[in-house]
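What follows is a short report on a single structure.
The values are calculated or read from the model by the stated rules, or taken from the named source; none is laboratory data. Keep in mind it's a predicted model, so treat the numbers as computed, not measured. Positions of Cβ are backbone-derived with ideal geometry, glycine not excepted, and every protein chain shown enters the neighbour counts.
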Amino acid sequence: MSTSINIEQIKKLREETGVSMMECKKALEKSGGDVEKAKKFLREKGEKVLEKRSGKIAGEGVIESYIHSNKKVGVLLDIRCESDFVAKSEDFNELAHELCLQIVAAKPQYISEEDVPEDVINEEKEIVLKQHEKSGKPENIIQKIVEGRVEKFKKEVVLVLQPWVKDEKKTIQDIVNEKIAKIGERIIIQRFERFEI
């Protein structure tokens, strides 16, 4: 083992990511012992696993539900994976539960960026343009403000772009990618429905 990496770092990374000790060791070696960089490496690896497995059919999964203690808000989530074995695993079901909690707390309206209708984006752009039309700012500055506001809007309404409510340094896509890296199967958030009284 490299002198810059010790067993405590590997254990810490394993506890924080749930990835195998061997994968944690490799990630730490690649990142020169920096735990945060190692986490980023593992997330990116999760994205690469997803790319490799994109042709696989995610025909298994679970319907997860969550009803908040006040019984005023709840979620039904359809999340898919490739095998029945993974669908029954603790890791997969833990992810499904975390996603339900996120949906209750952060109120996303869409799963991915591609799901946001063009007219919704255009409406958001129009609102920002109207707010700044008499500001006297140059056109290129206004366009940058519009672009920034649209990106902010997407992060508010798109589930996978939202910061995770338990750790705002990570997005929901990051935590899904971490599970993909750990499980080694494609994971798809198929649909969700949020109910609130």
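Couple of notes before you dig in:
- The residue list 167, 84, 119 contains one member that is of a type in the set (Asp, Glu) and in contact with a strand residue (DSSP E or B) (Cβ under 9 Å, 6 or more places away or on another chain), which is 84.
- Residue in the stretch 127-136 that is among the charged types (D, E, K, R), out of contact with any Ser or Thr (no Cβ under 8 Å at 6 or more places or on another chain) and within 19 Å of residue 194 (Cα to Cα) present: no
- For the stretch 69-81, the criterion of being modelled with pLDDT under 95, at negative phi and acidic (Asp, Glu) is satisfied by no residue at all.
- Selection from the stretch 1-32 of residues that are modelled with pLDDT under 85 and not in a helix (DSSP H, G or I): 1, 2, 3, 4, 5, 6, 18, 19, 20
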